[in-house]
Amino acid sequence: MTDKLLISLNHAEMEYKNFMSRHVQDYENSFLVQNRVNQIQTFKNLISEHFNFDELNIIETGVSGNVGYGLFGFFLGSLVHSFGGRMASVDTDCTSCEQSEKIFNENFHGINYKTYCMDSIEFLKRPPFIPNIVHLDSYDLDLFNPFPSTLHHWKEFESIQSLMPKGGIILIDDNWMKDTNLQWVYPNSEIWKKIEYPIFGKGANIYNEVLSNRTDFELIGDHYLVGNNIKIYIKKIN
């Protein structure tokens, strides 16, 4: 890891915490924000070990336009702004795309960032640049009908995987390991469900295919623990 990358990772984490402290009341006790902070630490550990490119070229599916969702993409944007490179986000919600560009342009002067209001699967087939990091976080997961979201993210992976360079990294949000007691909050109710699959979430298909050696990627990281909201990390090896 270069000194520049380490400095940029630490700076981006600080910028994220400062931003969320200004926009989320009692953010230090916010479960969602603290989960993102934990995910940022995992990202820092893995990128410092596995990322070997001179610039960051990041694509994110599902824009970072809603502070209430934790804005992991804000951290990615800060990292790009500090280290150098470019970032693009795609979403079918055009209002969220506009809000995301507003947040990024107000906080990262001169950043090379653009949103695209379209279907993410089609977007990833012909991206505006070849990414070396992809963050898959579109199509919200439903506890009682997870398969549409899981299939959508598999199709996103199929669209982009062959285009990525060797050493490129994909991360997929919102996954839980077997035996996790998952709290699912609805507008007027709260439900607990124990996960019985080996893994449950947006990246479940991708995770299983990678572990079965049916892709050109390998699983990286040792953070796949019961009880946590996990981002799956895979690295292209061929």
Inter-label distance for Lys125 and Arg214, nm, one decimal - labels placed 7 Å from Cα along Cα-to-Cβ
2.2
Given charges of +1 on the Cβ of Lys and Arg and -1 on the Cβ of Asp and Glu, with all other atoms neutral, how large is the dipole of the chain about its Cα centre, in debye to the nearest 20?
340
Can you tell me what share of the DSSP beta bridges in the chain is antiparallel? A percent to the nearest 5 is fine.
45
Would you be so kind as to identify which of Asn181, Phe129, Tyr139 lies farthest towards the positive end of the dipole of the chain, taking Lys and Arg as +1 and Asp and Glu as -1 on Cβ and the Cα centre as origin?
Phe129
Gain in length, Lys166 to Leu151, computed as 0.36 nm per residue apart minus the alpha-carbon separation, to one decimal in nm?
3.0 nm
Per-residue ³J(HN,Hα) for segment 60-65, Karplus 6.51 cos²θ - 1.76 cosθ + 1.60, θ = phi - 60°, Hz, x for Gly and Pro:
10, 9, x, 6, 9, x
Return Ser159, Ser21 ranked ascending by Cβ neighbour count within 10 Å, so the fewest neighbours appear first.
Ser21, Ser159
Indicate the gyration tensor shape class of segment 3-236 (rounded, prolate or oblate), computed on the Cα atoms with a ≥ b ≥ c the square roots of the eigenvalues: a/c under 1.5 is rounded; otherwise a/b larger than b/c is prolate and the rest oblate.
rounded
Extension length gain for Glu106 and Asp142 (0.36 nm per residue less Cα distance), in nm, is 9.7 nm
Dimensions (Å) - segment 25-116, Cα atoms, principal axes, largest first:
35, 31, 23
The answer for GluC sites (Glu not before Pro) in segment 135-215 that fall in a DSSP coil and have at most 11 neighbouring Cβ atoms within 10 Å is Glu196
Please list, in chain and number order, the residues 5+ apart from Met118 or on another chain whose amide H is under 5 Å from its amide H, with Hs placed from the backbone.
Asp91, Thr92
Where in the chain lies the longest segment free of trypsin sites (Lys or Arg not before Pro) that are both loop residues by DSSP (not H, G, I, E, B) and have at most 16 other Cβ atoms within 10 Å?
1-165
If amide H atoms are modeled at 1.01 Å from N in the peptide plane, then the residues at a separation of 5 or more from Asn228, or on another chain, having amide H under 5 Å from its own are Met177
If the elastic network links every pair of Cα atoms under 10 Å, which of His153, His50, His109 fluctuates the most in the Gaussian network model of the chain?
His109
Find, among the chymotrypsin sites (Phe, Trp or Tyr not before Pro) in segment 28-64, those assigned to loop by DSSP (not H, G, I, E, B) with at most 11 other beta-carbon atoms within 10 angstrom.
none
Take the residue pairs Lys202/Lys236; Lys178/Lys235; Lys17/Lys194; Lys44/Lys236; Lys194/Lys235 and return only those whose Cα atoms are more than 25 Å apart.
Lys17/Lys194; Lys194/Lys235
How much length would be gained if the chain were fully extended between Tyr224 and Gln41, taking 0.36 nm per residue of separation minus their Cα-Cα distance, in nm to one decimal?
64.5 nm
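Readers should treat all values here as calculations from the given coordinates under stated rules, not as data from a laboratory. Treat the numbers as computed from the prediction; the structure is a model and nothing was measured. Cβ sites come from the backbone with ideal geometry, for glycine too, and all protein chains shown count toward neighbours.
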